[in-house]
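To keep things clear, I will list the structure first and then write my remarks on it.
The values are calculated or read from the model by the stated rules, or taken from the named source; none is laboratory data. Note that this is a predicted model, so its numbers are computed, not measured. Here Cβ is always computed from backbone atoms with ideal geometry, including for glycine, and neighbour counts include all displayed protein chains.
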Amino acid sequence: MSMTPEEIANGLKERFGEKILETVLDTHDPYCLVEPQALADVALFCRDELGFNYLRCLSGVDYMDKKKTTDDLGVVYHLGAIPDASHLFCLKVRLSRENPVVPTVARIWPTADWHEREAWDLVGIVFEGHPNLTRILCAEDWEGHALRKDYTSPDTYHGIKNNVV
Amino acid sequence: MTDAAEIERIKDHGDVRSEEMLLNMGPQHPSTHGVFRVVIRSDGEIILDAESHIGYLHRCFEKICESVNYTKATPYTDRLDYLMAMGNNLGYALAVEKLLGVEVPERAQYIRVIVTELSRIASHLLAIGTYGMDIGAITPFLYCFRDREKILYILETICGQRLNYNYVRIGGVAYDVDDAMLKMTREFCDYFLPRVMEYNDLLTYNGIFLERTGNVGVLPADLAIAYGCTGPVLRGSGVKRDLRKDAPYAVYDRFDFEIPVGSGEAGTVGDCFDRYMVRMREMIESTKIIQQALDQIPEGDFKHPKVKLKPKVPAGDAYTAVENARGELGFYLIADGSDTAFRLKCRSPAFSNVSVLHEISRGAMVADMVAIIGSLDIVMGEIDR
């Protein structure tokens, strides 16, 4: 019963209207760009009504390029289904660098719990309502978010010298 | 027996007040298979809750990939799941090739399948051997390592490395294979199939082993899917999901093989024994795939003639997933048209598999924690990245 990306996108647009900011189907992973505050509702709809019971991947992204045409952050959600492997879709959100907040989906797909902690740890995205938004890969007292494009690693960490040539 | 009601019964028994204790397991512990720490909140011998702490091997693989070009990033993927480095190479190469839009020559596809499946057997052998040792059986470990050594020798003759191969490259493989290697692989397959019976005699149907793994760490199918578990952990819960069959890549659609799933032979579906047994049966299926690939392998190029050493990848983004020994290994690659990745996110299977640990260990005995962690078959290299 797998649906085509077009049907999925139409279903989302019908239900959420203006909250779906952009739809791109002619690409490797067809996706909808969702308004950040509506993300949790869209995700719940995807799980319960569209049959996406499995969150394949959650990636935090810093979209700031070398020419600095944009300094947005973003989160990319790759949805899938088990056992129907051909039922795929993708959701994206774009967040401002000053206030990168998006509602959590950890209660919708428990696997997002750790993925969101990782996105917070490495990209610095705040997941509103997350049960335990702490660093997961870096040490608890680490400063900064390593996957930000403007990140510079600290010169010392607990007396250990860094950036020494 | 060990459900929440049972804990309540034990706690309320008589007028003796029970106290909770915090128990640190790891980061340096022989059965955590790497530097992995679990903080166990226990009531006597019963686990009330467990909290996993990861990150001890973190080296920010994803940041490294943003600073070196696509070809130079391949050796770093070796070090993710270092027990199945061929599979990581393959997943990464497929991710880049998807955006490059190249179709790899057939011979290279077959070589990729052969080395990946050899790697899968080697990885499962280590998982099974060390799992026996976790439970207290040392002999099977020696048998498993004896046969794993033969695989490592074959892979060493192909590419000169035993663990971190850097063999599957963007656009093909690094070197062609010769007839001597193919013959050696065929001999290994004939040798290996009867050995699986030997492991079964040694370990699988041993009474103590059955007692230690049956009905322990039961993972229901819906919980496994919700936590994003894949690979033998998910299949152990009775879910038939294997990307080699469901979304075939390379040339996996040309082979005839089964997907073993857990059926609760030693107790409940989704217990430690089922996860163990899925790995055992997968080794037979992998051997069958290798034998078919050896029969079908064509002559031809072993790498795409037009893929350069420093490819410039057209702008775009794509998620590519392969079925590794531990489950779905995914790479989400964003390219910006240069010779370096703009962003590479690695979705590692063991990361999601181990995130379910606190759910399935709740209510188990402390001694079973070792059995449960072993059955998840974690590799810290890819969890911490």
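The table that follows gives values for the structure above.
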quantity: The lone exception for A:Y157 - which of (1) within 17 Å of B:I225 (Cα to Cα); (2) surrounded by fewer than 20 Cβ atoms within 10 Å (Cβ to Cβ); (3) of a type in the set (F, W, Y) it fails; calculated: (1)
quantity: Any chance A:A85 is crowded, with 19+ Cβ neighbours inside 10 Å and over 16 Å from the mean Cα position of the chain (by Cα); calculated: yes
quantity: Options B:D256, B:D242, B:D222, B:D246: the member that is within 28 Å of B:A371 (Cα to Cα), free of Cβ contacts under 8 Å to residues at least 40 places away in the same chain and out of contact with any Leu (no Cβ under 8 Å at 6 or more places or on another chain); calculated: B:D222
quantity: Strands (runs of 3 or more DSSP E) completely within segment A:1-67 that count 2 or more residues being in contact with a helix residue (DSSP H, G or I) (Cβ under 7 Å, 6 or more places away or on another chain) and within 14 Å of chain B (Cβ to nearest Cβ); calculated: A:54-62
quantity: Selection count, segment A:113-165, where residues are among the charged types (D, E, K, R) and in a helix (DSSP H, G or I); calculated: 5
quantity: Unique match (being surrounded by fewer than 19 Cβ atoms within 10 Å (Cβ to Cβ) and in contact with a strand residue (DSSP E or B) (Cβ under 7 Å, 6 or more places away or on another chain)) among A:K13, A:K92, A:K66; calculated: A:K13
quantity: All positions within segment A:76-107 that are within 12 Å of another protein chain (Cβ to nearest Cβ) and in a loop (DSSP other than H, G, I, E, B); calculated: A:A81, A:I82, A:P83, A:D84, A:A85, A:S86, A:H87, A:L88, A:V105, A:A106, A:R107
quantity: Residue match in segment B:152-174 (condition: among the acidic types (D, E), outside the structural domain of B:P30 (by TED's automatic domain parsing), free of Cβ contacts under 8 Å to residues at least 12 places away in the same chain and closer than 26 Å to B:R195 by Cα); calculated: yes
quantity: Every residue from segment B:250-263 that is more than 26 Å from B:A93 (Cα to Cα) and surrounded by 18 or more Cβ atoms within 10 Å (Cβ to Cβ); calculated: B:P260, B:V261, B:G262
quantity: Residue count, segment B:197-225 (criterion: within 19 Å of the chain's Cα centre (by Cα) and either surrounded by fewer than 17 Cβ atoms within 10 Å (Cβ to Cβ) or not in a loop (DSSP other than H, G, I, E, B) (or both)); calculated: 3
quantity: B:A364 touching a residue at least 24 places away in the same chain (Cβ under 8 Å) and touching a His at 6+ places or on another chain (Cβ under 9 Å); calculated: no
quantity: Restricting segment B:230-249 to residues that are among the hydrophobic types (A, V, I, L, M, F, W, C) and surrounded by fewer than 21 Cβ atoms within 10 Å (Cβ to Cβ), the residue that is modelled with the lowest pLDDT; calculated: B:A247
quantity: Residue satisfying all of: in segment B:294-314; hydrophobic (A, V, I, L, M, F, W, C) and in contact with a strand residue (DSSP E or B) (Cβ under 6 Å, 6 or more places away or on another chain); surrounded by the fewest Cβ atoms within 10 Å (Cβ to Cβ) among these; calculated: B:F302
quantity: Segment B:226-264, residues that are within 7 Å of chain A (Cβ to nearest Cβ) and not in a loop (DSSP other than H, G, I, E, B); calculated: B:A226, B:L243, B:D246
quantity: Single residue of segment B:81-133 satisfying the filter (of a type in the set (S, T, Y) and under 27 Å from B:H33 (Cβ atoms)) that is surrounded by the fewest Cβ atoms within 10 Å (Cβ to Cβ); calculated: B:Y82
quantity: Filter result (among the basic types (K, R) and either without any contact (Cβ under 8 Å) to a residue 24 or more places away in the chain or more than 12 Å from B:L163 (Cα to Cα) (or both)) within segment B:62-119; calculated: B:K63, B:K72, B:K98, B:R107, B:R112
quantity: Which numbered condition A:H115 misses (of (1) within 11 Å of chain B (Cβ to nearest Cβ); (2) crowded, with 24+ Cβ neighbours inside 10 Å; (3) over 25 Å from B:K240 (Cα atoms)); calculated: (3)
quantity: Count of segment B:358-385 residues which are within 13 Å of another protein chain (Cβ to nearest Cβ) and on the phi > 0 side of the Ramachandran plot; calculated: 1
quantity: Test: residue in segment B:295-315 that is among the polar types (S, T, N, Q) and over 26 Å from B:I135 (Cα atoms); calculated: yes
quantity: So B:E299, is it assigned by TED's automatic domain parsing to the domain that holds B:M86 and in contact with a His (Cβ under 8 Å, 6 or more places away or on another chain); calculated: no
quantity: Candidates B:G217, B:G236, B:G228 - the one that is touching a residue at least 40 places away in the same chain (Cβ under 8 Å), in contact with a Cys (Cβ under 7 Å, 6 or more places away or on another chain) and assigned by TED's automatic domain parsing to the domain that holds B:D377; calculated: B:G217
quantity: Members of segment B:361-377 that are within 19 Å of the chain's Cα centre (by Cα) and either part of a helix (DSSP H, G or I) or closer than 16 Å to B:N24 by Cβ (or both); calculated: B:V370, B:A371, B:I372, B:I373, B:G374, B:S375, B:L376
